[in-house]
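Below is one structure, written out as structure tokens; comments come after it.
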Amino acid sequence: MANFRKKNGTAETVEMTFIDHLDALRMHIIRSVLVIFITSIVIFIYRNWVFDNIITGPINPNFITYRALYKISHWLGMGDGLTLPPVQVNMQTTSFGGQFLGSITLAFTMGAIVSAPYVFWELWRFIKPALTPKELKNTRFAIFWVSFFFFLGAAFGFFLLGPYTFNFLANFKLGTLSMLETRPTLTDYLENLTNIILGCGLAFELPVVTFVLTRIGLLTPMFMRRSRRYAIVILLTIAAFITPSPDWMSMMIVFVPLMSLYELSILVAAKVYKDEQKKEKEEWG
């Protein structure tokens with residue numbers, strides 16, 4: 001493991017030992033956990049508003065996605081062709097402390113998501129001393145892009161994939177005797193919603209991961225083009241894993257953006273690879 005360089009007060013650089021690395025990492029983790037904890041407390045204080053206006057959004061008939069699909073469908077002259085049937089479910093808790101524990105889960109999950117940019121920043125601060133001035137210059141906007149793609153994916157999961165997924169699961173019927181009723185628990189709903197949001201948020205980091213791997217020489221645009229057919233299979237698998245429902249529509253809603261991000265990642269890799277080749281030529285004359 002390479003030693004990180006750290007500047008001291010006399011502008012000199014000193015080598016950090018393995019113990020120094022662990023101590024620095026520990027402080028970054030402590031600060032990240034502290035910010036998540038404080039954010040979670042704030043969300044817990046306003047838990048009723050968060051639950052009513054955000055958490056239940058994908059199963060609320062008045063959610064912006066349902067209203068937008070209704071307007072688009074009628075604007076295109078398709079009637080209710082693009083609209084989704086209302087999600088008619090009532091959640092339940094099966095224990096006395098169910099709602100209290102659910103509110104704690106809600107608070108810490110939302111706290112972690114909202115605090116993501118700060119956590120990324122702390123991780124960046126830990127890695128930063130090991131980078132050269134040129135590498136620092138090339139990664140000036142790293143935190144912005146990591147946060148941007150994470151929240152883009154999270155928004156995609158919340159506003160688009162979530163409504164389609166819960167709509168399918170809530171309206172799916174087994175048998176014709178109407179003897180079964182869908183009544184999910186609060187924990188079940190929160191777990192599915194969290195998996196959708198975090199899964200999409202992490203999956204949308206593909207261009208950022210591609211940039212890093214290409215920059216350090218582990219990935220090339222030529223390899224990505226040759227591996228496109230394998231990427232399709234992998235992305236379909238990821239889409240199936242992210243979506244809790246087995247319907248092909250929900251899976252395709254995830255797969256199409258992921259495939260688009262893969263194509264964007266090829267362009268990113270090509271740009272980075274071209275820049276690296278140009279730098280090597282300049283260095284070797």
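Tabulated values for the structure
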| quantity | calculated |
| --- | --- |
| The chain pair-distance distribution - Cα-Cα, 5 Å bins, rounded % | 1, 5, 9, 12, 13, 14, 13, 11, 8, 6, 4, 2, 1, 1, 0, 0, 0 |
| Computed [θ] at 222 nm, helices only, for the chain once each DSSP H run of length n ≥ 4 contributes -39500 (n - 2.57) | -21500 deg cm²/dmol |
| From phi via Karplus (6.51, -1.76, 1.60), per-residue ³J(HN,Hα) for the range 185-192 in Hz, x at Gly/Pro | 7, 4, 4, 4, 5, 5, 5, 5 |
| Percent RCO, i.e. relative contact order, over the chain, from Cα pairs under 8 Å lying at least 6 residues apart | 19 |
| The chain: angle of helix 98-114 to the longest principal axis, Cα-based, in degrees nearest 10 | 40 |
| For the range 239-285 versus the range 198-229, the gap between their alpha-carbon centres in whole angstrom | 5 |
| Simple label model, 7 Å out from Cα along Cβ direction - Trp49 to Leu213, nm | 4.2 |
| Built amide H within the under 5 Å cut-off of Gln92, gap 5+ | Thr185, Leu186 |
| Cross-link pairs Lys128/Lys278; Lys134/Lys279; Lys134/Lys278; Lys137/Lys271 - those with Cα-Cα distance over 18 Å | Lys128/Lys278 |
| Within the chain, longest stretch free of exposed trypsin sites (Lys or Arg not before Pro) [DSSP loop, at most 11 other beta carbons within 10 Å] | 1-139 |
| Distant-in-sequence amide H partners of Thr220 (H built 1.01 Å from N, under 5 Å) | none |
| Shape call, the range 60-167: gyration tensor on alpha carbons, a/c limit 1.5 | oblate |
| Förster-model FRET efficiency, 51 Å R0, Asp23 and Phe172, C-beta, rounded to 0.05 | 0.45 |
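A short reminder: the numbers here are calculations on the coordinates, not readings from a lab. Predicted, not measured: the structure shown is a model, and the values here were computed from it. With ideal geometry, Cβ positions are generated from the backbone for all residues, glycine too; neighbour counts draw on all protein chains shown.
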